[in-house]
Amino acid sequence: MNIAVISYSFSGNNDTLAGSVAKELSSEYFQISESKPRTLSTITMDMIFSRIPLVQPSPNLLVKYDLILFFGPIWMGQVTTPLRPYLKHLKTNPNKYGFISISGGADGPNTKVSGELRKRTGADPVVFIDLYIADFISTNPKPTRKATSAYKLDPGDIKQLTSTIVKKLMDVT
């Protein structure tokens, strides 16, 4: 199976995890880049106004793969905006895809993301894995947004998460 792994990460955690999974699957790996640096202000404005940024590589690269795995954080309960051009492309060029995220989790589960993915692509993902940094931090006291935003996955975290993700992928593909 020809698999592409595409990631966007503001903190680096999703990119590190995506790179590890791509290596384990012997898949092509693409990191999304944007022409302008992203700030907390642009994140907020993109989420409020549902903006779709210009990204590289072009979403047209998706057509040659049997499965596309997207890695990215959840911002304000929604899919990160740099992934949106790729999801929009899938709506007019259907293909199997999966969505994997490691995000803060301090505010609880991201209950609306699978519905948003369906709406943006026209189909459910073959795999949906929503992971939380809060699960790696002591729960007493309850992790804050500041603590989860600052957390960097260590090599042990990456190895454990890669194994979990690859196993789930093998069960569905």
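The values are calculated or read from the model by the stated rules, or taken from the named source; none is laboratory data. Since the model is a prediction, treat every value here as computed from it, not as a measurement. Backbone-built Cβ (ideal geometry, glycine too); neighbour counts: all protein chains shown.
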Task: Any pair with Cβ under 6 angstrom, 6 or more apart, that starts in the range 94-120 at a residue that is without any contact (Cβ under 8 Å) to a residue 12 or more places away in the chain and ends at one that is among the basic types (Lys, Arg) - done: none
Task: Whichever residue in the range 44-58 is within 23 Å of LYS112 (Cβ to Cβ) and not β-branched (Val, Ile, Thr) and, among such residues, is surrounded by the most Cβ atoms within 10 Å (Cβ to Cβ) - done: ASP46
- [ ] Determine whether TYR97 is farther than 21 Å from MET47 by Cβ and crowded, with 21+ Cβ neighbours inside 10 Å.
- [x] yes
Task: Those residues of the range 45-59 which are in contact (Cβ under 8 Å) with a residue 24 or more places away in the chain, assigned to a helix (DSSP H, G or I) and not charged (D, E, K, R), in sequence order - done: MET47, PRO59
Task: For ILE68: the one exception among (1) in contact with a Pro (Cβ under 9 Å, 6 or more places away or on another chain); (2) surrounded by 12 or more Cβ atoms within 10 Å (Cβ to Cβ); (3) of a type outside the set (Gly, Ala, Ser) - done: (1)
Open item on the list: Just the residues that are hydrophobic (A, V, I, L, M, F, W, C), assigned to a loop (DSSP other than H, G, I, E, B) and touching a helix residue (DSSP H, G or I) at 6+ places or on another chain (Cβ under 6 Å), please, taken from the range 1-44.
Closed with: ILE32
TODO: Considering each residue of the range 71-90, count those that are buried (at least 21 other Cβ atoms within 10 Å of the Cβ) and not in a helix (DSSP H, G or I), and give that number.
DONE: 6
Task: Of residues in the range 1-26 being at pLDDT 95 or above and surrounded by fewer than 20 Cβ atoms within 10 Å (Cβ to Cβ), the one nearest to THR81 (Cα to Cα) - done: ASP15
Open item on the list: Is it the case, given these coordinates, that LEU131 is in a helix (DSSP H, G or I) and at pLDDT 85 or above?
Closed with: no
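Table: residues versus (1) touching a Gly at 6+ places or on another chain (Cβ under 7 Å); (2) part of a helix (DSSP H, G or I); (3) on the phi > 0 side of the Ramachandran plot.
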residue	(1), (2), (3)
SER114	no, yes, no
LYS119	no, yes, no
PRO125	yes, no, no
LYS146	no, yes, no
LEU153	no, no, no
GLY156	no, yes, no
LYS159	no, yes, no
LYS167	no, yes, no
TODO: Search the range 127-162 for residues being under 14 Å from the mean Cα position of the chain (by Cα) and farther than 13 Å from ASN14 by Cα, and hand back the single one that is surrounded by the most Cβ atoms within 10 Å (Cβ to Cβ).
DONE: VAL127
